Amino acid sequence: MDRHSHQPIKKVAITGGTHGNELTGIHLVRAFQSDPRRVERESFETVPMLTNIGAIERVTRYVDKDLNRTFSLSALEDYSGTAYEDALSKVINQRLGPKGAGETAIDLVVDLHTTTSDMGLSLVLSTTDPLSWQIAAYVKEKMPEVNIFRWKGDTGDVSFVSSIPPHGLTIEVGPIPQGVLRADMFFGTERVVQTILDYIEAYNRGEVDFYTEVEIYDHVALVDYPRTEQGEITAMLHPDIQDNGYVRIEKGDPLFVTLEGKTVPYEGDEPRYVLFANEAAYYEKGFALCLTDKKSIAL
């Protein structure tokens, strides 16, 4: 990011309910809508917004398909889909974007999520945008308990809500069951939101320090459960991995345990760190966990 000149942020959207059974973001957005002063800053407008209304009403992850996988440029240009989320994504894209345009309605999106996996307070980025990474580094400095995950995705193009405007981040907190509110997760998420907004305010005033590096967990691979040829799961996440967020594993360490109680070890040659372990929503996607590298990257 150019240290001497930058475009000010004029509008920030805080989005919740992209997955309709992740109640933390839904109720936090509603709280912000009821009392806009909680997210008010002098130099920019904050817009709290619920996204997947149909799924929120049903308290389900989605109506027909995962909304957070519908914002690739190719998907946004395809009008042949008949799913509820196919149509909804076009509406949201116009409200926040449009994606890829020279000028967008919103400059930056903070999308709020929860996970059933033990990930504490986490930021997920899938962008090369320098400002988004500066924000993440600031949050990490102010809240050392926050971890940063660089997601390389399960689709060809970045398709998150947060990818619509030029700048965007996803907040991911857990563990918390789907369809459940927890006060610690609720207020922890708000602390991250407030820290992000504080940075943007300082950035607009030209009062920020520029970070040169930040520690992250970098996406390496998505790993599925052991399965039969018919697709039936034959093993579960090992207890050493379950509820042990960001755990480091080496070759030979327990990874899965079969339904008969036999340990299935990790066979990779390189040590890795485990994220999104046993995320409930990923069973249908064929993911048991994400393997990552822990590293410092230059900004």
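Gain on full extension, evaluated as 0.36 nm per residue between residue 180 and residue 201 minus their Cα-Cα distance, stands at 4.3 nm. Once the chain from residue 60 to residue 295 is taken as fully extended at 0.36 nm per residue, the excess over their C-alpha distance is 81.1 nm. Residues 222, 299, 131, arranged from fewest to most other Cβ atoms within 10 angstrom of their Cβ, appear as 299, 222, 131.
Based on alpha carbons, the Rg and Dmax found for segment 1-134 are 15.6, 48 Å.
Size descriptor for segment 90-140, Kirkwood hydrodynamic radius: 13.1 Å (Cα pairs only, one decimal). Share of pairwise Cα-Cα distances greater than 27 Å in segment 166-299 is 36 percent (whole percent).
Scanning the chain for GluC sites (Glu not before Pro) lying in DSSP loops with no more than 13 further Cβ atoms inside 10 Å, the longest uninterrupted stretch between such sites is 146-206. Between segment 164-240 and segment 76-151, how far is it from one alpha carbon centroid to the other, in angstrom? What the calculation gives is 10 Å, centre to centre.
Less than 5 angstrom separates the built amide H of residue 11 from those of 45, 107, 108, all sequence-distant by 5 or more or on a different chain. Dipole of segment 195-299 (Lys/Arg Cβ +1, Asp/Glu Cβ -1, origin at the Cα centre): which of 274, 226, 289 lies farthest to the positive side? Farthest along the dipole direction, towards plus: 226. Summarised as an ellipsoid, segment 220-294 has semi-axes of 18, 14, 11 Å, derived from the eigenvalues of the Cα gyration tensor scaled by 5 and square-rooted, with the largest first. Give me the percent of Cα-Cα pairs in the chain that sit more than 38 Å apart, rounded to a whole number. Considering the chain, 12 percent of its Cα-Cα pairs are separated by more than 38 Å. Of 112, 23, 237, the residue with the greatest mean-square motion in the GNM of the chain, using alpha carbon springs below 10 Å, is 237.
Hey, fewest Cβ within 10 Å first, where do 133, 151 land in order?
Ordered by Cβ neighbours within 10 Å, fewest first: 151, 133.
The ranking of 19, 167 by Cβ neighbour count inside 10 Å, starting from the fewest, reads 167, 19.
Every number here is computed from the coordinates shown, using simple stated rules; none is lab data. Nothing here was measured: the structure is a model prediction, and the numbers come from that model. No Cβ is skipped: glycine too gets one built from the backbone with ideal geometry, and neighbour counts run over all protein chains shown.
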